[in-house]
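J.: A single structure is presented below for examination.
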């Protein structure tokens, strides 16, 4: 599930997206770990936190405020475009791991296209679906450090949520949706 950084230009009531590069959100030096550390300088555990897409883009070195992050949900499906714009991430950092709730805006869901890579390089959102959707993920890092890489459960990243994390993450995602 690649995360892609796009330059975005407003054109006559729509947005034009131009791919800049694929970016890592996870990892020790990634924006999620950096944002959690900046919001939690005392290292409190557990620690609930929130980051907007603007904050996440700002945490990526060398980016501008006219950029957005888009997730390619099905990168390996032939003739398919499934793109979702990242809006918010809520984290609930324990000592060694962090479950996440992600709010996304659907741009294209299973759009058939003969050249999906060409489409993803530059597209207009004029025909975008614009529905909101939530997803739960987790990273293997928390208030005490860790790798901050994505957790693995088969080919899908799933998170077991204890009551405190579930209440916080589901509540925030429910409010946002």
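The values are calculated or read from the model by the stated rules, or taken from the named source; none is laboratory data. Just so it is clear, the structure is predicted and the values come from calculations on it, not from any experiment. A quick note on method: Cβ atoms are made from the backbone with ideal geometry, for glycine too, and the neighbour counts reach across all protein chains shown.
J.: In region 69-79, how many residues are over 20 Å from residue 36 (Cα atoms) and not in a loop (DSSP other than H, G, I, E, B)? Please lay out each step first, then the result.
T.: So the first thing to find is which residues in region 69-79 are over 20 Å from residue 36 (Cα atoms), and the list is 70-79.
Adding the requirement that they be not in a loop (DSSP other than H, G, I, E, B) leaves 70-72.
Counting residues in region 69-79 that are over 20 Å from residue 36 (Cα atoms) and not in a loop (DSSP other than H, G, I, E, B) gives 3.
J.: If the Cβ limit is 7 Å and pairs must be 6+ apart or interchain, which residue in region 113-136 that is within 21 Å of residue 8 (Cα to Cα) pairs with which residue that is in a loop (DSSP other than H, G, I, E, B)?
T.: 116/79; 119/113; 132/177
J.: Right, next: Output the number of the condition that residue 56 fails; it satisfies all remaining conditions of (1) part of a strand (DSSP E or B); (2) free of Cβ contacts under 8 Å to residues at least 60 places away in the same chain; (3) over 14 Å from residue 143 (Cα atoms); (4) touching a helix residue (DSSP H, G or I) at 6+ places or on another chain (Cβ under 6 Å).
T.: Tallying (1) part of a strand (DSSP E or B); (2) free of Cβ contacts under 8 Å to residues at least 60 places away in the same chain; (3) over 14 Å from residue 143 (Cα atoms); (4) touching a helix residue (DSSP H, G or I) at 6+ places or on another chain (Cβ under 6 Å), residue 56 fails exactly one: (1).
J.: Within region 21-39, which residues are surrounded by fewer than 15 Cβ atoms within 10 Å (Cβ to Cβ) and touching a strand residue (DSSP E or B) at 6+ places or on another chain (Cβ under 7 Å)?
T.: 21, 22, 28
J.: State whether one or more residues within region 26-46 are modelled with pLDDT of 95 or more, over 23 Å from residue 141 (Cβ atoms) and within 17 Å of the chain's Cα centre (by Cα).
T.: No, every residue in region 26-46 fails to be modelled with pLDDT of 95 or more, over 23 Å from residue 141 (Cβ atoms) and within 17 Å of the chain's Cα centre (by Cα).
J.: How about region 76-97: which of its residues are over 13 Å from the mean Cα position of the chain (by Cα), on the phi < 0 side of the Ramachandran plot and either surrounded by 16 or more Cβ atoms within 10 Å (Cβ to Cβ) or modelled with pLDDT of 95 or more (or both)?
T.: Correct list: 80, 81, 82, 92, 93, 94, 95, 96, 97.
J.: Would you be able to tell me the number of residues in region 36-53 that are touching a residue at least 24 places away in the same chain (Cβ under 8 Å) and farther than 19 Å from residue 104 by Cβ? Spell out the reasoning first.
T.: First pass over region 36-53, keeping only residues touching a residue at least 24 places away in the same chain (Cβ under 8 Å): 36, 40, 43-53.
Narrowing further to those that are farther than 19 Å from residue 104 by Cβ: 36, 40, 43-48.
Residues that pass the stated criteria total 8.
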